[in-house]
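Peer 1: Right, I'll just put the structure down here and ask away after.
The values are calculated or read from the model by the stated rules, or taken from the named source; none is laboratory data. Since we're looking at a predicted model, the values are computed, not measured. So basically every Cβ, Gly included, is an ideal-geometry build from the backbone, and we count neighbours across all protein chains shown. Note: areas computed on protein heavy atoms with side chains; ligands, DNA, RNA excluded. Shrake-Rupley method; radii C 1.70, N 1.55, O 1.52, S 1.80 Å.
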Amino acid sequence: QIMSKVCETAMQWLPNTLTSPLLSEFVGGAPPAPPPVMPTEAAPPTGAPVAPSPTRSPVQRETVPFTSPGAGVGAGALEASPLLNTAVTVNYRNSGNLFPGKISAVNADGTYNIAYDDGDSEKNVPKSRVMFHEPEPTTAPEEEAPAAAPAPAPAAAPSPAKTPAAVVAAAPAAADALVVGARVQVNYRSSGNFFPGVISAVASDGAKFDIAYDDGEEQKNVLKKMIKLVDPATGAFIDVPGSAVDAASEAAEQQAATAAAATAAKPAPLPTGPLPLTVGVFGLTGAGKSTMVVALNGDPDPKPTKTIGFRRHNMEIGGDVGVKIVFYDMPGSMQKKWAGYTTDVHAAIYVLDAAADEAQWEKSVAAYAKFSDECAKFIDGKPLLVVANKQDLEGARTVEQVTVALGLAGRPECEVLAATAHPKRHDTGEVDERAERGLMWTINAIKGRYEELRARVATDEKEREAEEFKAKLEREKRVFCTILREKAWCDEPVECMSFEDGHEFLADETGELQEEMPPITAEICRLVNNHKVALTMCGGLRKPVSKKKKKHTWEEVLAYVKERRAEAGLPDQLE
């Protein structure tokens, strides 16, 4: 009974289905009048060669009769459109892949039927997916030609590969425009590596583009500055404003870089208001450095404490003096770091305990000698004030004794004075005027050569940064050697991967596609025994994080690895 009911229902449904306009449109013919009969394939016009039936997907096995350009297809086709047989490039089924063909019909709703060069066809394609090789005709010819037999269908061209690369010949770009179908090279995901492809879509504002790469990958919303337009005839890059090849922008950037370099070489304009001064204060622990600075800054009873870590003291003196001073109070326990703070000071103050016993005095003299030697590069030529502190104590050494002991006789722009830094220990109970005179001598010495000293500070800071950067590179070399010798090529290697994992890891570190990396990268992986940290350092050479570091070629990375192997006592080649 169930099967009988199903058959009865099917017999009622089948006649309606066969006369359905939807099915009729699917098989390519007009809906026939009842009784229901499947439409027959229409013969092509006289003289028109019959194109082979295009291959459909497995779901659509029926064949579609080829309609020659100019022939009406469907009830909505316009017979006399000037667009018939126009060569175009079409975004095939809105897939983002562009293929060449011709307009076989123009429909009343403004859409087109397309006959592709490979024999395929597509109906009701909207204008937004059709690219004309020449400006789109907007009006019909002034004089209509006599009616003639429809033009013969073009011979089917060899089927191009369904890859974006097939668009190059089909839709050549304008010589100076980034348009759909234009051949380009793109900075892939801002990695610095350019790969070939074509533009598959352009944003309405013309600022972003979708890219179909030659390897089949796609990328959306690519900025204009990441794209290089390629001349399809010569393969050369075309100058396009705002793109990765923009001669005007490059010239402007070069001028800006030159101007920035020139500006950096010159000190900034003199500030309005109080002049900013930087003074370094050095000496051993207990010499009275912090006490003197705090007392000069207005504290009538400073509490002597051991300086732990770097301290900054700010002082402003108005009126005719007009300065803002920053004192670098350097602890005596950090002598190794003193030199790092001497580059950006305009002057230095060295404080000694003039009443120290002989053993401590010898340490004080030795500490000054070390300071003078290690910091000479950035201190010599700058004003130097030497303070023989604690003159309130019995046996305090005089200015003459200090001058001889430290070898200061004849040193240019150097002032030696005796003082008692703590106000409560001075005879008057106030700040020692000798200390105040020493401060004013320092200020006037700087102000008298302010432009020169300011330029000197700028130069010294850059030189110190360069030295620190060089030292950092040397440390990295030593670390690389240690890794090779003690981690990668020891009796029991640690943190070493398989070659496949190591090569993939190196590709990830550089942001490059593993299959496109040159063979030299395989040698690099083997020379470091695929050690994780060593590969990370190699990736940092190839794609440095810091702008200060040079971007190495793979050949330079290989040479670097071989140099480190030689330093580690390893051969530059594997057996």
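Peer 1: Hey, rough spin-label estimate for residue 573 and residue 515, points 7 angstrom out along Cα→Cβ, what's it come to in nanometres?
Peer 2: Spacing of the two 7 Å Cα→Cβ label points: 3.2 nm.
Peer 1: Given R₀ = 45 Å, what would the calculated FRET efficiency be for residue 94 paired with residue 500, taking r from the Cβ atoms and rounding to 0.05?
Peer 2: On the way: r = 39 Å, r/R0 = 0.86.
E between residue 94 and residue 500, to the nearest 0.05, is 0.70.
Peer 1: Identify the chymotrypsin sites (Phe, Trp or Tyr not before Pro) of region 282-350 meeting these criteria: DSSP loop state and at most 14 other C-beta atoms within 10 Å of the C-beta. Show your work: numbers first, answer last.
Peer 2: Numbers: sites: 282, 310, 327, 328, 338, 341, 350; in loops: 310.
When the chymotrypsin sites (Phe, Trp or Tyr not before Pro) of region 282-350 are filtered for loop state and at most 14 Cβ neighbours within 10 Å, 310 remain.
Peer 1: Could you name the aspartates and glutamates whose alpha carbon sits less than 12 Å from that of residue 324, not counting residues in the same chain fewer than 8 places away?
Peer 2: Cα-Cα hits under 12 Å: 316.
Peer 1: Residue 303 to residue 336: extension gain in nm, 0.36 nm per residue of separation minus the Cα-Cα distance? The partial results should precede the final answer.
Peer 2: Values: separation 33, 0.36 × 33 = 11.88 nm, distance 2.63 nm.
Full extension of this stretch gives 9.2 nm more.
Peer 1: Let me ask you something else. When the dipole is taken about the Cα centre of region 423-542, and only Lys, Arg (+1) and Asp, Glu (-1) are charged at their Cβ, what size is it in debye, to the nearest 20?
Peer 2: On the way: 20 positive and 28 negative charges, 183 e Å.
Around 880 debye, computed over region 423-542.
Peer 1: Can I ask one more? List every residue whose amide H lies under 5 Å from the amide H of residue 350, counting only residues 5 or more places away in sequence or on a different chain, with H placed 1.01 Å from N in the peptide plane.
Peer 2: Answer set, sorted by chain and number: 282, 385, 386, 387.
Peer 1: Could you name the lysines whose alpha carbon sits less than 16 Å from that of residue 382, not counting residues in the same chain fewer than 8 places away?
Peer 2: Filter leaves 447.
Peer 1: Could you list which residues have their amide H under 5 Å from that of residue 311, counting only those 5 or more apart in sequence or on another chain, with H placed in the peptide plane?
Peer 2: For residue 311, whose amide H was placed from the backbone, the distant partners under 5 Å are 329.
Peer 1: I would also like to ask the following. Can you compute 3J(HN,Hα) from phi for each residue in region 336-351, using the Karplus curve 6.51 cos²θ - 1.76 cosθ + 1.60 with θ = phi - 60°, rounded to whole Hz and x for Gly and Pro?
Peer 2: 5, 9, 4, 4, x, 10, 8, 6, 9, 9, 7, 7, 10, 10, 10, 10
Peer 1: How much accessible surface area, in Å² rounded to 10, belongs to the heavy atoms of residue 373 with a 1.4 Å probe?
Peer 2: Around 120 Å² of this residue is reachable by solvent.
Peer 1: Let me ask something else. Leaving out ligands, DNA and RNA, and with a 1.4 Å probe, what % of the accessible surface on region 299-404 is carbon or sulfur?
Peer 2: Working: 2610 of 5120 Å².
That share works out to 51 percent.
Peer 1: Could you calculate the FRET efficiency of residue 465 with residue 204 from 1/(1 + (r/R0)^6), where r is the beta carbon distance between them and R0 is 41 Å, rounded to 0.05?
Peer 2: 0.30
Peer 1: In sequence order, what are the phi-derived ³J(HN,Hα) couplings for region 364-372 according to the Karplus relation 6.51 cos²θ - 1.76 cosθ + 1.60 with θ = phi - 60°, rounded to whole Hz, with x for glycine and proline?
Peer 2: 5, 5, 5, 5, 5, 4, 5, 4, 5
Peer 1: Right, another one. Are any of the pairs 370/532; 303/363; 487/547; 337/550; 224/543 more than 32 Å apart by Cα-Cα distance, and if so, which?
Peer 2: Values: 370/532 42 Å; 303/363 24 Å; 487/547 29 Å; 337/550 28 Å; 224/543 23 Å.
Pairs exceeding the cut-off: 370/532.
Peer 1: Next up: Run down the lysines and flag those whose C-alpha is under 26 Å from the C-alpha of residue 102, throwing out any fewer than 8 positions away in its chain.
Peer 2: Result set, ordered by chain and number: 123, 127, 162.
Peer 1: Using a 7 Å offset from the Cα along the Cα-to-Cβ direction at both residue 455 and residue 523, what is the distance between the two label points in nm, to one decimal?
Peer 2: If labels sit at residue 455 and residue 523, their model points lie 5.0 nm apart.
Peer 1: What FRET efficiency comes out for residue 189 versus residue 477 if R0 is 41 angstrom and r is the Cβ-Cβ distance? Round to the nearest 0.05.
Peer 2: Rounded to the nearest 0.05, the efficiency is 0.85.
Peer 1: Amide H to amide H under 5 Å from residue 208: which residues, 5+ apart in sequence or cross-chain, H placed 1.01 Å off N in plane?
Peer 2: 203
Peer 1: Still on this structure: Take each of the peptides 415-424, 398-407, average the number of other beta-carbon atoms within 10 Å over its residues, and list them starting from the highest. Intermediate results must be reported in sequence, preceding the final value.
Peer 2: Working: 415-424: 21.2, 398-407: 15.7.
With the highest mean Cβ count within 10 Å placed first, the list reads 415-424, 398-407.
Peer 1: Continuing with this model, one more query. Read phi for every residue in region 289-297 and hand back ³J(HN,Hα) as whole Hz from Karplus 6.51 cos²θ - 1.76 cosθ + 1.60, θ = phi - 60°, with x for Gly and Pro.
Peer 2: Running phi through 6.51 cos²θ - 1.76 cosθ + 1.60 with θ = phi - 60° gives 4, 5, 4, 5, 5, 5, 5, 5, 8 Hz.
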